[in-house]
Each structure stands twice: as C-alpha cells, then as structure tokens.
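Participant: The structure's right below; bear with me while I get my questions together.
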Amino acid sequence: MKLSNRLSGLSESQTLQVAARCQELRAQGINVIGLSLGEPDFATPAHIKQAAIDAVNSDFSHYGPVPGFPALREAIAKTIPFAANEIIVSVGAKQAICNVILTLIDRGDEVIIPTPSWVSYSEMVKLAEGKPVFIPTALENDFKLTAQQLEQAITSRTKMLMICSPNNPTGSVYTREELQAIVDVLAKHPDIYVIADEIYEKILYTGHHESLAQFPEIHDRVILINGVSKAYAMTGYRIGFMACHDAEVVKAVKTLQGQEITCATTVAQKAAEAAYAGDQACVEQMRQVFEKRRDMMLGMLMAIPRIKCPKPNGAFYLFPDVSAYYGDKIKNSSDMVDYLLSEAHVACVAGSAFGEDKCIRLSYATSEDNIREALTRIQQALARL
C-alpha cells in the first residue's frame with residue numbers, strides 16, 4: 001500500500017510515544033513515574049461534570065451548529081476581546097490550530113516558529129505543505145523570541161508567526177513590552193498572520209496575562225487559540241476554539257470544519273459552557289497547587305549539580321539544560337530520556353522533540369509525592385554517570 005505523500009514527512013508525537021512506553025513498563029509491574037504528559041492530574045470540577053450529565057439527560061445528542069453553540073461562544077466572548085460570531089469551537093485547541101493553518105497556508109508558505117516549541121506546530125505546517133522556519137531562542141533569554149530575531153527571519157514567503165505564551169515546553173511568559181517589540185516588527189509586514197496560542201493563559205505565576213490580541217496594530221491578523229483542557233482539567237472533553245476579527249478567515253475555517261467534523265461534541269460543549277460561565281475558584285485552586293509543585297520541583301532540580309533551568313512563570317513544565325551530563329554514554333536528549341526511563345523509571349520528553357537537544361521536558365502536573373520521588377531518582381541516576 002502506498003500512503004499519501006502528505007503523511008510521509010509527518011512525525012509521531014514523541015510525548016505520546018513516551019506515554020505508550022510508560023504503559024508497557026507498568027504492564028510489566030515496573031513503577032514508572034510519568035513526568036511526560038501535559039495533562040492536569042486533577043478531576044474535572046464537579047459543576048462542569050454535572051453540566052455534562054445534565055446535557056446527556058436533556059438529550060443534547062444531535063448535531064450542533066458548525067461553529068459551536070451560541071451560548072458557548074457567548075460565554076467565551078465574555079473572556080476575550082472578540083465577539084461571539086468571531087469564534088469557532090473545535091475538537092480541542094489542537095484542531096483549532098490545524099484548521100487555521102490549513103485555511104491560510106499554501107505550498108511553500110513560510111511559518112516562523114520560535115523554538116523550543118510544541119511538537120505539533122511544525123507537523124501541522126508540513127501537513128499544509130508549508131515550510132516551518134525555526135528560530136532558536138536562548139535559555140539566557142528565558143527561551144523567548146526577540147524582535148531582532150523575528151525581523152531577520154522574515155522573507156517574501158513568510159505568511160505566519162506562531163507564538164505560545166505561557167509556553168510549552170519552557171513555561172516562559174512574554175511581557176507586554178516584549179510583545180510590543182514583536183508587534184512593531186509585524187506592523188511593517190501587513191501580510192503576516194499570527195497564531196497566538198494561549199491555552200495555558202490561566203496557569204500563570206506572576207503578573208497578569210498579556211495577549212497579542214490587545215494590540216491594534218495587528219488587530220485583524222491575530223488568531224487567538226484557547227480551550228478548556230489545561231485550565232479546567234478537561235483534556236478528554238476536547239473543546240478548544242479559534243477567534244479572529246477577519247470575517248473571511250472565520251468563514252473559511254467554518255467551511256473547513258463543516259466538511260471535517262460537522263461540529264464539536266455537543267455534550268462536551270455544554271460542559272465547556274459551564275466551565276467558562278461558572279465559578280472560576282476551581283481554576284485558581286489548581287493554579288495555586290501547580291505553583292507549589294513548580295517551586296518544589298525546581299528546588300530539587302537546581303540542587304542537582306550542573307543543571308541549568310530558568311524559573312518558569314506559567315504552564316506546568318520545567319525545561320532544564322542537562323547537556324553537562326552528555327558524554328560517551330549519553331550523547332543527546334533522546335539518550336538521556338531513555339536512560340532516565342530505564343535506570344530511574346522516570347518518564348520525561350526529549351528536548352529534541354521541541355527543537356532544543358540540550359534539554360528535557362519535565363511536567364509537574366502530578367502529585368507532590370511523585371515529584372519528590374521522581375527528582376530523587378533522577379538525582380541518583382545522574383550521579384551514576
């Protein structure tokens with residue numbers, strides 16, 4: 001069988017590969033601590049689960065509108081500077097991003113992606129036959145893109161920039177001043193769209209969230225991406241959205257989604273409506289727990305000799321530079337991940353998956369007991385190298 005050419009260049013998600021290996025080892029009776037998946041370990045808040053139950057009992061079992069239920073889009077619109085008719089609800093933020101890329105990117109179009117970056121960005125660009133243009137960022141700058149780097153990367157083929165803040169995998173958060181400098185560059189290039197992935201917006205440990213959607217200079221070119229997965233512990237509900245002021249883009253995404261899926265799952269949409277419209281105390285409670293876990297994991301990690309790691313201001317990841325331990329036995333981040341899994345029974349993700357081979361990604365979306373034990377095992381395993 002010959003598969004389509006569009007699949008030949010795609011890579012399998014390394015985060016999901018690691019998760020599968022964890023399951024295999026656990027099936028063998030091995031106590032593996034998973035620090036690989038970006039998934040909150042909390043239960044979905046009770047009022048959101050009840051909304052899903054009520055939706056089932058109220059027979060929300062038929063097709064819904066392609067862009068999402070009006071009540072959900074209205075609830076979302078109250079949280080962002082977009083109108084309800086500028087929002088398309090999709091099957092998770094991942095599909096929302098992919099829809100936008102498929103809508104705007106043609107063969108040969110360049111998409112600028114600062115690295116480290118989430119593993120699926122570049123693969124989605126490839127699916128659209130576009131060209132990912134990677135801009136490496138520096139640990140010394142908290143892994144954030146500078147305006148100068150952006151200016152130097154722009155060519156006549158540049159069609160899009162992708163920015164994630166708070167960032168996966170680094171936890172870095174852009175300040176308003178840093179975003180303004182990027183916007184000043186984009187203002188000189190009116191044909192470049194921007195995907196602002198803000199899925200970790202509510203998991204923030206300093207100041208308040210600064211969105212690219214606030215800048216009038218790029219008002220019609222920002223496509224905001226968000227969803228309920230991370231903030232409300234609803235990864236399996238698969239509800240995300242895109243928002244854009246450009247009516248032509250919104251209409252095109254709606255057309256594409258209508259042919260792809262018809263609509264996001266109706267029961268999950270009613271649960272998401274409860275998440276956005278309901279009491280937000282649950283979000284703050286989870287954020288406080290994540291902050292405590294961050295401080296614990298970072299403290300233990302920085303007690304290990306020769307490790308470098310910036311303090312993340314958002315999301316629930318650490319992205320430490322472990323390259324000081326590379327040598328004859330460990331040559332790269334993939335080797336390090338394999339070593340920690342086999343020797344310490346701790347699962348993490350190779351930094352090479354995100355575009356930075358010196359690092360590994362550790363998720364602290366797990367219990368304090370797991371963090372304490374995992375970091376103890378990592379320290380012991382690295383001491384044996």
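The values are calculated or read from the model by the stated rules, or taken from the named source; none is laboratory data. In this text, all values refer to a predicted model and were calculated from it rather than measured experimentally. Cβ placement follows ideal geometry from the backbone for every residue including glycine, while neighbour counts extend to all protein chains displayed. To get the accessible areas, we keep the full protein, side chains included, count just its heavy atoms, and leave off ligands, DNA and RNA. Shrake-Rupley method; radii C 1.70, N 1.55, O 1.52, S 1.80 Å.
Participant: Would you mind getting the accessible area per residue of the stretch 72-122, heavy atoms of the protein chains only, 1.4 Å probe, in Å²?
Facilitator: Accessible area per residue: 31 Å².
Participant: Something else about it: Once both axes come from the Cα atoms, what is the angle between helix 46-57 and the longest principal axis of the chain, in degrees from 0 to 90, rounded to 10?
Facilitator: 50 degrees
Participant: Name the long-range amide H neighbours of residue 308: under 5 Å, sequence gap of 5 or more, or other chain; modelled H, no Pro or chain starts.
Facilitator: 321
Participant: Using a 1.4 Å probe on the protein heavy atoms, what percent of the accessible area of the stretch 241-384 belongs to carbon and sulfur? Show your work: numbers first, answer last.
Facilitator: On the way: 2720 of 5740 Å².
With neighbouring chains kept in place, the figure for the stretch 241-384 is 47 percent.
Participant: Taking θ as phi - 60°, what are the ³J(HN,Hα) couplings along the stretch 139-154 by the Karplus curve (6.51, -1.76, 1.60), each to the nearest whole Hz, with x for Gly and Pro?
Facilitator: Values per residue, Gly and Pro as x: 4, 5, 10, 6, 6, 10, 5, 9, 4, 5, 4, 4, 4, 6, 8, 6 Hz.
Participant: Can you tell me which aspartates and glutamates have their Cα less than 16 Å from the Cα of residue 49? Leave out same-chain residues fewer than eight positions away.
Facilitator: 41, 59, 273, 279
Participant: Hey, another quick one. How about the stretch 1-85: which GluC sites (Glu not before Pro) there lie in a loop by DSSP and see at most 14 other Cβ atoms within 10 Å? Don't jump to the answer; show the numbers that get you there.
Facilitator: Working: sites: 12, 24, 74; in loops: 12.
Counting only loop positions with at most 14 other Cβ atoms within 10 Å, the GluC sites (Glu not before Pro) in the stretch 1-85 are 12.
Participant: If exposed chymotrypsin sites (Phe, Trp or Tyr not before Pro) are those in a DSSP loop with at most 16 other Cβ within 10 Å, what is the longest stretch of the chain that has none?
Facilitator: By the stated rule (loop sites, at most 16 other Cβ atoms within 10 Å), 64-325.
Participant: Once amide H atoms are placed 1.01 Å from N in the peptide plane, what residues at a sequence separation of 5 or more from residue 131, or on another chain, have their amide H within under 5 Å of its amide H?
Facilitator: Result for residue 131 returns 108, 109, 110, 111.
Participant: Below 24 Å, Cα to Cα, which lysines can residue 308 reach? Residues fewer than 8 away in the same chain don't count.
Facilitator: 144, 292, 329, 331, 358
Participant: Leaving out ligands, DNA and RNA, and with a 1.4 Å probe, what % of the accessible surface on the stretch 76-168 is carbon or sulfur?
Facilitator: 50 percent
Participant: What distance in nm separates the simple spin-label points at residue 8 and residue 343, each placed 7 Å from Cα in the Cβ direction?
Facilitator: It works out to 4.0 nm between the two label points.
Participant: Which distance in nm do the two modelled labels at residue 368 and residue 54 give, with both placed 7 Å along the Cα-to-Cβ direction?
Facilitator: About 3.4 nm separates the two model spin labels.
Participant: Around residue 168, with a cut-off of 13 angstrom between Cβ atoms, what is the net charge of the other residues, counting Lys and Arg +1 and Asp and Glu -1?
Facilitator: -2
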